[in-house]
1. Using unit Cβ charges (K, R positive; D, E negative) and no other charged atoms, how large, in debye to the nearest 20, is the dipole of region 640-703 about its Cα centre?
2. Going Cα to Cα from LYS217, which aspartates and glutamates come in below 13 Å? Please leave out same-chain ones fewer than 8 positions away.
3. Using the Cα centre as the reference, give the magnitude of the dipole from point charges on the C-beta atoms of region 630-749 (Lys, Arg: +1; Asp, Glu: -1; all else neutral), rounded to the nearest 20 debye.
4. Run the dipole for the chain about the Cα centre, Lys and Arg Cβ at +1, Asp and Glu Cβ at -1, nothing else charged, and hand back the magnitude in debye, nearest 20.
5. Based on the mean of other beta carbon atoms within 10 Å per residue, what is the order of 518-530, 211-223, most packed first?
6. Any chance you could give the angle, 0 to 90 degrees and rounded to 10, that helix 483-495 forms with the longest Cα principal axis of the chain?
7. Using a 1.4 Å probe over the heavy atoms of the protein chains, calculate the carbon and sulfur portion of the accessible area of region 581-705 as a whole percent.
8. Enter the angle in degrees (range 0 to 90, nearest 10) between the Cα long axis of helix 622-633 and the first principal axis of the Cα atoms of the chain, meaning the one along which they spread out most.
Amino acid sequence: MVRFINHIQTAYSRRTRNYCNKILFVLSVLYVSNPVHAQSLEEIAREKIIILDDMVLIAEQKGISTEKERMTIHTAKIFLDYANWDEANTALNQQYFEMVPIYESNALTMANALPDFERSEVVRILDNAIADLRLIIDSEYTRKSVPKVDFTKARVSDNKITQDGRPIFLIDHTWKPVTEELLEFYGAYEGEYITPDYVLNDAGDLKSSVTSGLEKKPDGRIGSIFIDHNNLPGWSEIKYDGFRVGSRMFGRYDIDHPGARELYGFLLKGTVPRMAGKNYTKLGYELFNEPSFFTQKGVWNTGEVSNYTKEKFKAWLSELHDSIGDLNSLWGTSFECFDDVTIAIPIAPSRQGTAMWYDWMVFNNYRVTDYFQFLKNEIRKYDPDALVQIKLMPWLFTGDKKDHGIDFESLIRLCDITGCDASAKKSDISGKHEDWMERYSFQWVNISMTFDFFRSVKPNQIIFDAETHILSSVHFRDLYLSPDYARAAYWLAHMHGLNASRNWVWGRSLTGEINSKVGEGYAGSNNQQPAILNELHATLIDLNTFSEEITAIQLQRKSLRIYYSLTNAINRKNYMTDVFETYQSLYFEGLPLGFATDGILIKEDASNWDAVLIRKTESVTLQEYNTIQSYLNKGGTVIMDGLSLKVNEYGIAHEGLNPGKGTLIIAGSIIEMRDKALDLIAKNGLMPEVRITEKNNNGNRNCVWRCIKNKDGNNVVSIVNLGRNEAEIKIILNDAVNGTICRDLIHGIRVNSNPTLKPDEVYFVEVTENNIK
């Protein structure tokens with residue numbers, strides 16, 4: 001026990017000390033009262049399970065919903081078994097800890113300490129559940145009761161998932177074993193995996209076991225279809241010469257090779273008709289897992305491209321440019337004809353900002369989008385009502401590098417469900433310090449900004465995060481992670497539009513054995529964290545209890561739109577950093593934010609927003625420029641700095657914008673732009689009926705909040721403290737003569753309207769006027 005406590009203290013010198021102290025207090029008490037600590041921890045936990053079981057029966061007799069407590073009991077039992085398995089397999093656990101850089105040097109100690117850590121966490125979640133349920137039974141808390149989520153009844157309905165007409169949120173785990181014991185509380189997606197390796201020959205015949213299995217497979221629960229792009233049949237590499245030239249991670253073949261379309265045509269023809277219309281397809285056919293096609297020197301997942309790609313590029317250039325002379329003038333080359341055009345791939349980063357760089361990057365986007373359109377078209381041949389999605393990596397959108405071939409707007413428009421694998425993190429697995437750590441408790445941009453972009457492009461489309469890297473990833477691991485973070489990050493994701501998710505990762509059997517596929521992703525993950533798993537599913541229960549309110553937050557009108565130009569992102573290195581700064585400057589003002597692009601300005605109704613903000617967007621195409629001018633001519637409002645819209649994609653000057661029938665406001669700084677935008681929203685009467693002030697040691701606002709009206713006409717406010725410091729906030733209902741009252745919706749009790757929020761704390765309240773006269 002002493003060794004375990006010392007280890008925890010060492011680990012927490014780098015992490016959340018408050019949570020560490022709580023663990024140490026429980027362990028110290030248990031150790032003093034029961035020196036035979038390993039057995040005592042399990043005995044104490046099992047006694048508490050009996051207590052909570054009895055309380056559940058009492059609560060249910062009173063008509064109280066006990067799904068949360070039943071989930072906690074189930075989690076406790078699973079992890080007591082896991083702890084016993086871990087105690088008998090310390091050598092194997094040591095090997096897995098050695099795979100994680102931050103644990104490598106201390107792997108044996110981590111493995112020895114793990115079983116009691118898991119047991120102590122089990123005791124903690126049981127104690128918390130007992131305390132909460134006792135308050136509910138004694139009527140000090142109240143709990144709203146709603147139907148339990150049923151994966152057989154879940155339906156995709158435009159921008160929501162519903163059950164019997166009511167919005168719901170779904171969650172499951174990657175590679176979770178399909179057993180009744182794990183389906184009840186931890187998610188119950190169904191689905192199917194299809195791979196080109198099922199295709200037996202160049203006649204397109206499929207393995208009979210596959211076709212017969214699909215024909216016999218019942219309708220099942222809601223789920224998705226994973227289409228593999230890694231495992232090729234041996235015959236394909238013989239028939240399709242050079243088939244792997246230009247391949248990338250998760251796509252081990254050349255997407256421009258004619259054989260790719262033939263092979264996948266065979267696969268989809270043989271499988272989709274046997275799955276069409278079944279419930280387990282309703283979260284979409286996943287066209288591709290984590291696509292990226294980098295072509296710049298010196299970056300991850302880059303490489304050569306095939307001759308098929310180069311020939312396609314030449315043909316594309318001939319359509320883009322009026323003549324080879326025009327291309328030569330822009331590129332600074334002297335090609336005789338388009339057939340003579342050459343380009344070195346991977347391309348040198350020094351070429352960024354040149355016409356050659358721009359043309360190649362636009363083409364790279366085009367060829368990838370074109371291939372995904374082919375896959376969708378093939379699926380729709382055999383399942384006309386099929387929904388498709390792509391597991392897009394949000395960091396490719398928020399990051400500055402744009403040579404990856406992923407045009408987010410085009411791909412979101414191509415899809416019927418917006419798919420992704422978003423991430424967040426409290427630290428970096430390398431131990432390095434990052435800029436966001438100075439201000440924030442965790443890195444949230446890949447959730448918030450990306451989801452707001454997704455919803456701006458296709459507002460009537462759900463977001464399905466099919467591999468959620470919030471709790472752990474290749475860049476983030478923390479065995480001693482606070483459950484508050486799990487709640488805060490998942491709550492935030494749902495505020496911004498998340499409808500369904502699949503957490504990474506469930507890497508154990510029901511009895512504890514490790515799934516070797518998880519590899520370096522195992523140690524320090526939720527597979528060893530009963531409190532994290534418990535808090536994750538408790539959070540989803542709460543989100544589903546108040547799904548109408550959370551959905552209303554998701555679907556709020558986005559009055560302010562930040563302009564995003566892929567043209568400028570391709571041409572300038574730090575453009576996305578500047579986009580984030582604009583977004584961040586308005587993020588904590590209580591207003592839903594959205595994006596405007598050329599496509600959004602053309603396709604969406606401009607009455608859905610009040611102003612477009614354009615900052616540090618120097619180069620845009622003539623098409624983009626004319627669309628912005630047209631928006632102004634029709635009465636739109638643009639707030640812009642003096643740097644933007646100066647030149648086209650090739651550096652040729654644009655004329656200056658004129659207001660037309662609209663309003664063109666020039667802002668000299670990011671602060672002035674923010675203030676002018678807020679003044680406009682206030683003038684238009686669109687500010688929330690609630691005001692929130694914040695005081696912290698950081699000097700910046702770090703509590704993100706949104707406000708909607710519930711069915712009773714009262715304001716509901718959802719707040720998450722993203723700051724690394726505590727925040728003193730004041731919640732003020734405008735025009736409330738007698739003061740403001742806040743009611744905690746989850747616990748059904750009156751709470752302080754001037755609370756101090758800890759980092760990662762969620763505050764979810766109904767706000768009304770004090771009726772005392």
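The values are calculated or read from the model by the stated rules, or taken from the named source; none is laboratory data. What you see is a predicted model; the values in this text were computed from it and never measured. Positions of Cβ are generated from backbone atoms using ideal geometry, with glycine treated the same way; all protein chains shown enter the neighbour counts. These accessible areas exclude ligands, DNA and RNA; they are computed on the full protein's heavy atoms, side chains included. Shrake-Rupley method; radii C 1.70, N 1.55, O 1.52, S 1.80 Å.
1. I would put it at about 200 debye.
2. LYS217 reaches GLU190, GLU192.
3. Using only the charged Cβ atoms, the result is roughly 200 debye.
4. Numbers: 85 positive and 102 negative charges, 225 e Å.
Taking the Cα centre of the chain as origin, the dipole is about 1080 debye.
5. On the way: 518-530: 22.9, 211-223: 15.2.
Highest to lowest by the protection proxy: 518-530, 211-223.
6. 40 degrees
7. Roughly 48 percent, rounded to a whole number.
8. So the inclination is approximately 70 degrees.
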